[in-house]
1. Restricting attention to the stretch 17-30, which residues are free of Cβ contacts under 8 Å to residues at least 24 places away in the same chain and either farther than 16 Å from residue 76 by Cα or surrounded by fewer than 15 Cβ atoms within 10 Å (Cβ to Cβ) (or both)?
2. On the basis of being of a type in the set (S, T, N, Q), open to solvent by 80 Å² or more (accessible area, probe 1.4 Å), modelled with pLDDT under 95 and under 23 Å from residue 98 (Cβ atoms), does residue 52 make the cut?
3. Can you name the number of the only condition in (1) of a type outside the set (Ser, Thr, Tyr); (2) open to solvent by 50 Å² or more (accessible area, probe 1.4 Å); (3) modelled with pLDDT of 90 or more; (4) assigned to a loop (DSSP other than H, G, I, E, B) that residue 86 fails?
4. Determine, yes or no, whether residue 34 is in contact with a strand residue (DSSP E or B) (Cβ under 8 Å, 6 or more places away or on another chain), hydroxyl-bearing (Ser, Thr, Tyr) and surrounded by fewer than 18 Cβ atoms within 10 Å (Cβ to Cβ).
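The values are calculated or read from the model by the stated rules, or taken from the named source; none is laboratory data. It should be emphasised that the depicted structure is a prediction, and the values quoted were computed from it without experimental measurement. Here the Cβ positions follow ideal geometry from the backbone for every residue, glycine too, while neighbour counts run over all protein chains shown. In case anyone asks, the SASA skips ligands and DNA or RNA and just uses the protein heavy atoms, side chains included. Shrake-Rupley method; radii C 1.70, N 1.55, O 1.52, S 1.80 Å.
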Amino acid sequence: GKKPTLDRLKKAWVPLKKEILDWRSTIGKPILFTEWGWPNQDSAPSTLEYYQSETPDPQAQADCFEAFFGAWIKEPKVAGFMVWEWRKSLGQDHSEAADLSYVPYKKRAMKVISKYYRMPGGGKAATTEPATTQPATTQPK
């Protein structure tokens, strides 16, 4: 199908937001969005699969983040947001032209994320630099 416009992506959040907030009212707890994001692919707005395309589309990825934040950033019933996937590995090529992953680092999507994380009342700004160390192991010593 035809790639959705940013306006269409924003409109798509209207019924989803209502459904999520209706559910939230049944539990009375704030919402924390964890592990959310979109891949740098032309299929980003239309897929629930991890990798469905071999065609990078950094604007589609950025538009998905823009539509999401537009729907949720000012919602008082939201406790926060955790982006998936901040980085894949040290030394990975994160360029818009090569990386099809969910990593926003060095892509237009990072500018969108940073813009919303820098909003007044949004706390500390997102960093554009990934961690420089490997994650801690979960294996007991």
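1. Hits for the stretch 17-30 are 18, 19, 22, 23, 25, 26, 27, 28, 29.
2. Values: of a type in the set (S, T, N, Q): yes; open to solvent by 80 Å² or more (accessible area, probe 1.4 Å): yes; modelled with pLDDT under 95: yes; under 23 Å from residue 98 (Cβ atoms): yes.
Answer is yes for this residue.
3. (3)
4. Working: in contact with a strand residue (DSSP E or B) (Cβ under 8 Å, 6 or more places away or on another chain): yes; hydroxyl-bearing (Ser, Thr, Tyr): yes; surrounded by fewer than 18 Cβ atoms within 10 Å (Cβ to Cβ): yes.
So residue 34 passes the test.
Quick grid of which residues meet (1) open to solvent by 80 Å² or more (accessible area, probe 1.4 Å); (2) in a helix (DSSP H, G or I); (3) modelled with pLDDT of 85 or more:
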position: 64; (1), (2), (3): no, yes, yes
position: 70; (1), (2), (3): no, yes, yes
position: 81; (1), (2), (3): no, no, yes
position: 100; (1), (2), (3): no, no, yes
position: 120; (1), (2), (3): yes, no, no
position: 125; (1), (2), (3): no, no, no
position: 131; (1), (2), (3): no, no, no
position: 140; (1), (2), (3): yes, no, no
